[in-house]
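Take a look at the structure set out below.
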Amino acid sequence: MSPETPAGNVWPIWEVFVRSSRGLSHVHAGSLHAPDAAMALRNARDLYTRRNEGVSIWVVPAEAIASSDPDAKGSFFESPQGKDYRHATYYTKSEGVKHL
Amino acid sequence: MASQTLQSVPAELSPEQLAEAARHEAEGQAYFDRVMADDSRIEPRDWMPPAYRKTLIRQVSQHAHSEIIGMQPEANWISRAPSLKRKAILMAKVQDEAGHGLYLYSAAETLGQPRDQMMQDLMDGKAKYSSIFNYPARTWADMGAIGWMVDGAAIANQVPLCRASFGPYGRAMVRVCKEESFHQRQGFEILLELSHGTPEQKQMAQEAVNRWYAPALMMFGPPDDDSPNSKQSMAWNIKRFSNDELRNRFVGMMMEQVKVLELTLPDKDIRFNEETKKWEHGPLDWDEFHEVLKGRGPCNAQRLERRREAHENGTWVREAAAAYARKQAEKESAA
Amino acid sequence: MSTSPETTTETHDGGHGDISVGVATAGTSGDATASATRITPGNALRPEDIALAVSRGAAKPTEDAAELALRLGDDALILAQRLGHWISRAPELEEDIALGNIALDQLGHARSFLSYAGGLNGKSEDDLAYFRDEDEFRSIELFEQPNGDFAVTIARQFVVSYYQFELYRRLTESTDATLAGIAAKAVKEVDYHRDHSTQWVLRLALGTDESRAKMIHGFNVIWPYVDELFRDDELTARLAAAGAAVEPSSLRADFDRLTGEVLAEALLDIPQVPAALGGGRQGRHSEHLGFMVAEMQVLARQFPGASW
């Protein structure tokens, strides 16, 4: 995956995700500019893991990220609210029963 | 607020579209107000008042510029650091400042302002940065005073900014504050070594503290009664404490720490006001502050020229990397 | 070099984050919390650990090993001094940080080597760095070559890191445990320097006409100093016989092959330029080193014996 490289000397933005240790997910750390994926990875290594913060890095062209519509917060995220029965705490009668 | 809301609606829309846009803005404003009332966070794609966006772009980019220009007075001593350990620490610190500039430019970019534009504004002298970096770092002891006082003041300023209402700014600040804790300590320890060294070393330390004291206090910005933007920034949960509040708190911290250093602060009027339970300091030369801010400080021209030089010398490199990326992408799509 | 976003970069263990670790302890004998037992190949070895091991008598170089450590320490120190100049002047902010990391790595290696070298006669890294004169430095001329433009710096870094990689890779098997330990830490870092400079050689050589011309010029400027890296002498012969190090000439084939591959990919010819006479290992330097040493030492020499 490579972003549209703009003409001239301006490098595109990349989002950086860092795995802090084995077994954990990659977490968004921030962004940076780089001419291509290879350099984005290296810049990310230099910028976001100077203090031993990670064991693995992903970089993604910022423009490749699709995100939910902030104006549609209600319709997009309302539905799960009120569905308490999806959570263990809903089931009070079985409280105190071991290994359940 | 109402006038700003109208301003952002283009004029050539039909009445229906206009009504729709107005409703959208009203909803956005209501949501924004709720976020502020709940002390929650605004994220880049949320609706926000144009003035809020503008204020943040200005503040975050100024903050980023300060990090980048702030590299220079310290980079000035990397080659002459008096021990290899100090050389390593200083190099790591100046390098961190480039990193902090990058975190902050990233935060500002989420508001829709491209980094190269911000950089151009800086080089054109259109953007401001912290005035203190327009003072020269004359001796090695300045590395101590900058770390202890300048970074100390920066941290006092930045810790509350970790809770700034704009998410990306707050997150950048969290990262910066974590990394900067070593910056202040290494500065303090440089001064500690000097003040316990030879008489000449101690004098060097005292002179540096004397020179950086007032500019460090002025880093918190003008007095509250002369800071027109502060009130709005506090209403927007960007700023959490007033300039004077932070400055007074900082003076108190320095008064304690300077004792450990066995040095003095060049201000006879520092005292703890038992009534207000606040620290107070002597008068500061705000005329000089405004002069330096306007570009008439000792190093303004030098700092900007150095930044321009680096940027211009790098143009062909950035072009080369962009051209290479284009060629590789073409090759890949052809294959 | 894969360019997929899934490419993972394993980072070095502790190399870059440890810079502030030794701050709490003043003086030259290293960090009181440092443990001499950490000198094992593969551990993240800090200069403070070496200094401590030396001061406790746990590590003491032979005369020959000390001389080698001095040579390699001086190489790294002089290069770090050059690279440090780029911080705040790089072509892009991201590159300020990249070059800063390389400079810090090199400075770390220098401190370790010099701390060990000083163990021969009770000198600290700072005694050696700040209180020797120009002709007492043992660095090869390549390392003191001026930064020039970015392409010259990259050409120098490219040559240095391929050389240092081959050197340190073999030094990890040294019969001298301290040299092996320092090399084991350094080789991983230098491996990254190879990658960094390779990436830039490719981009500059194959980017624009202007950058290609500058890259070619950069290699032409740097190449005269390549031969000196691989010259054997009596010291290296004795060290090789003792199994403490290999002869520099034995690194040449791998260096030529690996740099040749990159240069070929970059469509660059190996510069046909006469080799410089050299003499850095004997203290005969180019005109550049005197200025560098003077600048580096000026403050320390104003306050001899002072603590910082």
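Does residue C:74 meet the test of being modelled with pLDDT of 95 or more and acidic (Asp, Glu)?
Working: modelled with pLDDT of 95 or more: yes; acidic (Asp, Glu): yes.
Yes; evaluated as a whole, the condition is true for this residue.
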For residues in segment C:60-98 being more than 14 Å from every other protein chain (Cβ to nearest Cβ) and outside any helix (DSSP H, G or I), which is least open to solvent (accessible area, probe 1.4 Å)? C:61
Can you name every residue in segment A:16-38 that is within 9 Å of the chain's Cα centre (by Cα) and either facing another protein chain (nearest Cβ under 7 Å) or open to solvent by 20 Å² or more (accessible area, probe 1.4 Å) (or both)? A:17, A:25, A:26, A:27, A:28, A:29
Could you tell me whether any residue of segment C:193-208 is surrounded by 24 or more Cβ atoms within 10 Å (Cβ to Cβ), outside any helix (DSSP H, G or I) and at pLDDT 95 or above? yes
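Inside segment B:67-88, can you point out the residues that are part of a helix (DSSP H, G or I) and farther than 24 Å from residue A:44 by Cβ? If you could, list the steps in order and put the result at the bottom.
Residues of segment B:67-88 part of a helix (DSSP H, G or I): B:67-75, B:78-80, B:84-88.
Scanning segment B:67-88 gives B:69, B:72, B:73, B:74, B:78, B:79, B:80, B:84, B:85, B:86, B:87.
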Please indicate, with yes or no, whether at least one residue in segment B:289-303 is open to solvent by 80 Å² or more (accessible area, probe 1.4 Å), in a helix (DSSP H, G or I) and of a type outside the set (S, T, N, Q). yes
I'm told residue C:304 meets every condition in (1) within 14 Å of chain B (Cβ to nearest Cβ); (2) within 30 Å of residue A:9 (Cβ to Cβ); (3) in contact (Cβ under 8 Å) with a residue 24 or more places away in the chain; (4) open to solvent by 10 Å² or more (accessible area, probe 1.4 Å) except one. Can you identify the failing condition by its number? (2)
Mind telling me which of the residues C:111, C:156, C:132, C:138 ends up being closer than 27 Å to residue C:178 by Cβ, surrounded by 24 or more Cβ atoms within 10 Å (Cβ to Cβ) and of a type in the set (Lys, Arg)? C:111
Determine if segment C:247-267 includes at least one residue that is over 17 Å from residue C:155 (Cβ atoms) and among the hydroxyl-bearing types (Ser, Thr, Tyr). yes
Considering every residue within segment C:168-182, establish whether at least one is of a type in the set (Asp, Glu), in contact (Cβ under 8 Å) with a residue 60 or more places away in the chain and within 14 Å of chain B (Cβ to nearest Cβ). no
Can you tell me how many residues within segment C:26-68 are hydrophobic (A, V, I, L, M, F, W, C), modelled with pLDDT of 70 or more and over 23 Å from the mean Cα position of the chain (by Cα)? 1
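Select, from C:273, C:246, the only residue that is aliphatic (A, V, I, L, M), crowded, with 17+ Cβ neighbours inside 10 Å and on the phi < 0 side of the Ramachandran plot.
Numbers: C:273 fails: crowded, with 17+ Cβ neighbours inside 10 Å.
None of the other options fit; the residue is C:246.
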Only unsatisfied item for residue B:137, checking (1) part of a helix (DSSP H, G or I); (2) surrounded by 19 or more Cβ atoms within 10 Å (Cβ to Cβ); (3) away from chain A (no Cβ under 14 Å); (4) of a type outside the set (S, T, N, Q), is (1)
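Filter the helices (runs of 4 or more DSSP H) completely within segment B:172-279 down to those with at least 2 residues that are modelled with pLDDT of 95 or more and open to solvent by less than 20 Å² (accessible area, probe 1.4 Å).
The helices (runs of 4 or more DSSP H) meeting that bar are B:199-218, B:243-261.
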Checking C:138, C:89, C:111 in turn, the sole residue that is under 27 Å from residue A:51 (Cα atoms) and touching a residue at least 60 places away in the same chain (Cβ under 8 Å) turns out to be C:111
Of the residues in segment B:106-130, those that are assigned to a helix (DSSP H, G or I), among the small types (Gly, Ala, Ser) and either in contact with a helix residue (DSSP H, G or I) (Cβ under 6 Å, 6 or more places away or on another chain) or at pLDDT below 95 (or both) come to B:107, B:108
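Tell me, yes or no, whether segment C:174-192 has at least one residue that is within 30 Å of residue C:209 (Cβ to Cβ) and part of a helix (DSSP H, G or I).
Going through segment C:174-192, the residues within 30 Å of residue C:209 (Cβ to Cβ) turn out to be C:192.
Filter once more, keeping what is part of a helix (DSSP H, G or I): C:192.
Yes, that holds for at least one residue.
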If you check residue C:186 against the conditions, is it among the aliphatic types (A, V, I, L, M), in contact with a helix residue (DSSP H, G or I) (Cβ under 8 Å, 6 or more places away or on another chain) and surrounded by fewer than 24 Cβ atoms within 10 Å (Cβ to Cβ)? no
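The values are calculated or read from the model by the stated rules, or taken from the named source; none is laboratory data. Note that the structure is a prediction, hence the values are computed from the model and not measured. Because the Cβ atoms are built from the backbone with ideal geometry, glycine has one as well, and the counts that use them run over all protein chains shown. The accessibility values were calculated without ligands, DNA or RNA, using every heavy atom of the protein model including side chains. Shrake-Rupley method; radii C 1.70, N 1.55, O 1.52, S 1.80 Å.
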